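Remarks on the structure that follows.
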Amino acid sequence: MTEAIEALPSVPAVVKDGASHTARASASPPTVAARSPMPRRLPLVVLLMSLMCLACLGGCARIGVRPSSLDDRAAKLDRTALNSDRPSERTLRFVRQRDLEASLAADPETMLAALDAEARDEKDREALFALAELCYREAVKSKGDPAKAAMFYLSSAVYAYAYLFDDTYRPVLDVYHPYSRQAMEFYNRSLANVLLHARATNLRYAKGKELPWLMGRVRLAERRSELTFSPEEVESYHLAYEFDVRGLTPQQVRLGLGVPVAVVRRPPEGDKLAPAERFTPPVRQTYAATVFLRFAPVADAAKPRNRIYEADFEIHDPMKTDALDVAGRRIPLESDLTTPLAFMMQNTPEPSGLEGMMNPAAWENLTRLYMLQPYDPGKIPVVFVHGLLSSPSTWAPMFNGLMGDPELRSRYQFWFFRYPTGNPMLFSAGSLRASLDEARRVFDPDGTNPAFNDMVVVGHSMGGLLTQTLVEDSGDDLWNAFSKAPLDTLAVSPDVRDALRRTFFFSRRPYITRVVFIATPHRGSEMALGIIGKIGRTLITLPLTVLKPFGAVTAALAHAGKTPGGAQAAVDKMPTGVDSLSPNNQALKILVEKPLATPYHSIIGNEKKSDVAGGSDGVVPYWSSHLDGAQSEKIVHSGHSAQDHPLAIREVRRILLEHLKDAPAPAAQ
């Protein structure tokens, strides 16, 4: 034991007078008295060594891992000031490395200005991201002071834009990194809040107007718009971010850069309507658009907090543009096509389809072709024709679904025909042909536009019967089934003769090159023979525009002894829109036997089985909807509203993409 103690290293003595005295072994043989202090120092040595071990163990205990669910781990990594009340871990780490947390809490503007100086001096892209996020957080905290909040939001947009596009900063931007998407979100959300502030304060664009940001001013420069109407015609604008859509799925949203908005346009006054405006719905028209602010720094001012950015204010049309060229990069444009459509349908509801059937006269001024977007000579028209008891709004799910395809958006424009379905089918078909011919006179008077001359028409139910007359030649067959005397021999006025000619005599429209029939009763529906048909005949009141020509001709026929029972008996038997769908209707029997002059496709519902020919959609049986010679026939598990079925929408999409294979190449813009 003694030898072990003697082997211990020297132990520092108590420091005295600034000097350290160390116990040394005596040269002479140790005595018991000389060795006796060593055991008394042993507890002190053990204590010191124990404390050192505990300190080590305590420090090591702070380093390690603990169990965490995958969702919790991902949520922590995904957290930013956009979705929580705290900055991201990335920004917090950046602040802590500079010991700036206390400064940020005490005086955020001064701390952010200092961080801005560091970012500029070191050309640190990471600092730009931190500035964008911290400015956004300060904006949210300043919501009680709207002007201050707007200043911080604009600052966040400036920093996010610089993070994404200023190539003087390092490291080089990785566009595939999640942080790049987060920077785009800070830009979009910040710009959105600036737009909300502008709307709330009635702040209008004016070239040269200056807006404050953290380190100076943003000066508005040029305004550029892809919309075809003047900015002065804008009645209001609404951010797509402000609404949740109901009743339309899927929501056609594309992530990218910019703020999607719904732009409400005041309809032009009646006496100021240009010919093309006659096809615009007489309602508060709502258009999808995307707002983008393009920043460019001006030479730095002498004072560091007086820096100026110029900003071009851009409004893009997502029906024309999918991407932006910014600082030599091709950036996807953020867009939302569904919210503006739903907004318009809610705020400008369609007239009742029931009214259009029961009281066709109420719809006489509404019967026409409608375009939800201004005419584009470079795009192929697709015309939708609704069915009985319906209106153009029945096509909203189809329209919304097709708009989601960027190729369809870039190559097609979508039109809608509205008509009162209580009128006889042949009369309504004449109105459709007249509307399309008018569009031809207005938009393609020379008949040379390759896009207009490649038109596709899609008809549902009765609308399919109207569509059928666009690609057939009637000859004299329909008139001969109605009258025993040639039209030209009857003693009727010229306007009556013209109305009858438009109804009973027609030829295929050469500008239509493909048609699609959806749940179309080519051979009629037994529904028209039952109680529904009887109710319809009892309640439908035909307008004078229908009764006058038919009354005149039946009177002339009665006078010539060609109509048994006299003129009034013939008028009393005038077929309504419901009667037009009867399997006994002579017009249907004639039309179904005539060849169709263009490629055609059928989409048929079967309410009991999927993809099985036969059965019925509940209104129209398969034997009535089927046409031999169709380019394709798609059966969907659906009732009569087959146009809403997602597989029917996909089938129309497929047909339109197929149509493009033979379509002329679009003209260079």
Sort 641-648, 488-495 by packing, meaning the average of other beta carbons within 10 Å per residue, with the highest value first. 641-648, 488-495
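What is the local net charge at LEU596, summed over the other residues whose Cβ is closer than 13 Å to its Cβ (Lys, Arg +1; Asp, Glu -1)? Numbers along the way, then the final one.
Details: positive: ARG508, ARG509, ARG514, LYS594; negative: GLU472, ASP473, GLU593, ASP628.
Around LEU596, the surrounding residues sum to 0.
Relative contact order (percent) for the chain, with alpha-carbon contacts under 8 angstrom and 6 or more residues of separation?
Working: 1132 pairs, mean separation 56.3, N = 669.
Value for the chain: 8 percent.
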Out of all DSSP beta bridges in the chain, what portion is antiparallel? Express it as a percent rounded to 5. 50 percent
What does the convex hull of the alpha-carbon atoms of the chain project to on average, in nm²? 49.0 nm²
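Given axes a ≥ b ≥ c from the Cα gyration tensor, I'd like to know whether the range 268-424 is rounded (a/c under 1.5), prolate (a/b larger than b/c) or oblate. The partial results should precede the final answer.
Details: a/c = 3.02, a/b = 2.41, b/c = 1.25.
Judged from the Cα gyration tensor, the range 268-424 comes out prolate (a/c at least 1.5, a/b above b/c).
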Cut-off is 10 Å between beta-carbons; in what order do TYR412, TYR370 appear when sorted fewest neighbours first? TYR370, TYR412
Debye, to nearest 20: dipole size of the range 215-339, +1 on Lys, Arg Cβ, -1 on Asp, Glu Cβ: 420 debye
Qualifying aspartates and glutamates (Cα of each under 20 Å from Cα of LYS143; at least 8 residues distant if same chain): ASP85, ASP107, GLU109, GLU133, GLU185, GLU242
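Are there any trypsin sites (Lys or Arg not before Pro) in the range 587-669 that are in a DSSP loop and have at most 13 other Cβ atoms within 10 Å? List them by number.
LYS608, LYS609
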Can you give the net charge of the other residues whose Cβ lies under 14 Å from the Cβ of ASP322, counting K and R as +1 and D and E as -1? -2
What does the charge count around ARG170 come to, taking other residues whose C-beta lies under 13 Å from its C-beta (Lys +1, Arg +1, Asp -1, Glu -1)? -4
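Check each of the chymotrypsin sites (Phe, Trp or Tyr not before Pro) in the range 190-263 and keep only those in coil by DSSP with at most 12 other C-beta atoms within 10 angstrom; list them in order. Provide the component values of the computation, followed by the final result.
Numbers: sites: TYR205, TRP213, PHE229, TYR237, TYR241, PHE243; in loops: TYR205, PHE229, PHE243.
In loop regions of the range 190-263 (DSSP not H, G, I, E or B), the sparsely surrounded chymotrypsin sites (Phe, Trp or Tyr not before Pro) are TYR205.
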Do the alpha carbons of any pairs in LYS379/LYS608; LYS534/LYS589; LYS320/LYS594; LYS148/LYS320; LYS76/LYS320; LYS141/LYS209 sit beyond 28 Å of each other, and which pairs? LYS379/LYS608; LYS320/LYS594; LYS148/LYS320; LYS76/LYS320
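When only Cα pairs under 8 Å and 6 or more residues apart are kept, what is the percent relative contact order across the range 79-200?
On the way: 138 pairs, mean separation 27.3, N = 122.
RCO, the range 79-200: 22 percent.
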Given Cβ point charges of +1 (Lys, Arg) and -1 (Asp, Glu) and nothing else, what value in debye, to the nearest 20, does the dipole of the chain about its Cα centre take? 1080 debye
Enumerate the residues in the range 219-262 having an amide nitrogen under 20 Å from the point lying 7 Å beyond the Cα of ARG305 toward its Cβ. 219
The alpha-carbon pair-distance distribution computed for the range 79-200, with 10 angstrom bins and whole-percent values, is 14, 49, 32, 5
For the chain, the longest stretch holding no GluC sites (Glu not before Pro) located in a DSSP loop with at most 12 other Cβ atoms within 10 Å is which? 270-592
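No value in this document is a laboratory result; all are computed from the given coordinates. Given the structure is predicted, the values throughout are model-derived calculations rather than measurements. Glycine also receives a Cβ, built like all others from the backbone with ideal geometry; neighbour counts cover every protein chain displayed.
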